[in-house]
1. Using +1 on the beta carbon of Lys and Arg, -1 on that of Asp and Glu, and nothing else charged, what's the dipole of the chain about the Cα centre, debye to 20?
2. Give me the Kirkwood hydrodynamic radius of the stretch 4-217, using the inverse of the mean 1/r over all pairs of distinct Cα atoms, in Å to one decimal.
3. Spin-label point model (7 Å from Cα, Cβ direction): what's the L159 to R220 distance in nm?
4. Please report, for the Cα atoms of the stretch 169-222, the Rg to one decimal and the Dmax as a whole number; what are they, in angstrom?
5. If DNA, RNA and ligands are ignored and the probe is 1.4 Å, what is the ranking of M188, M195 by accessible area, most exposed first?
6. From the helices alone, meaning DSSP H stretches of at least four residues, give me the mean residue ellipticity at 222 nm for the chain, per-run term -39500 (n - 2.57), in deg cm²/dmol to the nearest 500.
7. Only Cα pairs under 8 Å and at least 6 apart count here; give the relative contact order of the chain as a rounded whole percent.
8. Relative contact order for the stretch 156-222: what percent, with Cα pairs under 8 Å and sequence separation of 6 or more?
Amino acid sequence: MPTLFDRIIAIRSQLPASVRLVAVSKFVSTDAMRSAYEAGIRDFAESRIQEAANKQVELQDLPDITWHFIGHLQSNKAKKALELFPWIHSVDNLKLAQRLDQLAQSLETRPNICLQVKIESDPNKSGWTVPELLADLAVLNQCKNLQIQGLMTIPPLGLNNLELLNVFNRTRELAEQIQEQNWSNIGMQQLSMGMSGDFQIAVQAGATMVRLGTILFGDRPA
Ligand SMILES: *Cc1c(COP(=O)(O)O)cnc(C)c1O
């Protein structure tokens, strides 16, 4: 059995240097996170606010960690999310974006965010459909306290590799299309896509951030 350290080194070596490896540490102990840190991980992603808050206290001696939020964010937790996370990948509707923008102003913070899109319709996932997102861009552009960095997507379950490649390629093409519209406050440099089962395909399609959990840390509790 390779150790966590060895797995991280092996995965890192498969990724182009320009791709950011975000370690998804939900349900993972802070001891394992320390081992990941020793193997070079500096980006950790969590999907639950309280779990992340506890871990940030336990790991406060590691000051150069960047924390990413990737879970569904309820608006009553938006303030806490901004206090804990400089990156929020899972901004999935206009109302939430506007709420984060207002709160960011009062907290005097400028969060990095990704807009979560559904390329294929998926009743189990939140996020903008493509037409909805295109229609909301003008309002998103007014959210001056947000640093909109790009798109995030999670493909529906059950796609084969070709279908996955198609979803990731269409996500990149959507980002390119938005980029060409030259919005003053909407950046599209980042593509947060790719998880343990499909990250090689996502990287092939142009992912700039992959979010890897089980392939690094092993299975989570069911
Ligand atoms: C849990 C989770 C991941 C990591 O999934 P793995 O398959 O364990 O790599 C990535 N992105 C999001 C949004 C998640 O919730």
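1. Using only the charged Cβ atoms, the result is roughly 280 debye.
2. Final number for the Kirkwood radius of the stretch 4-217 is 17.5 Å.
3. Output for this residue pair reads 2.0 nm.
4. Rg and Dmax of the stretch 169-222, Cα atoms, are 14.1, 44 Å.
5. Per-residue accessible area, sorted high to low, gives M195, M188.
6. -12500 deg cm²/dmol
7. Taking the mean separation of contacting Cα pairs over the length of the chain, I get 20 percent.
8. Across the stretch 156-222, relative contact order equals 30 percent.
The values are calculated or read from the model by the stated rules, or taken from the named source; none is laboratory data. This structure is a prediction, so every number in the text was calculated from the model and none was measured. Virtual Cβ from ideal backbone geometry, glycine too; neighbours counted across all protein chains shown. Areas reflect the complete protein model, heavy atoms only, side chains present, ligands, DNA and RNA absent. Shrake-Rupley method; radii C 1.70, N 1.55, O 1.52, S 1.80 Å.
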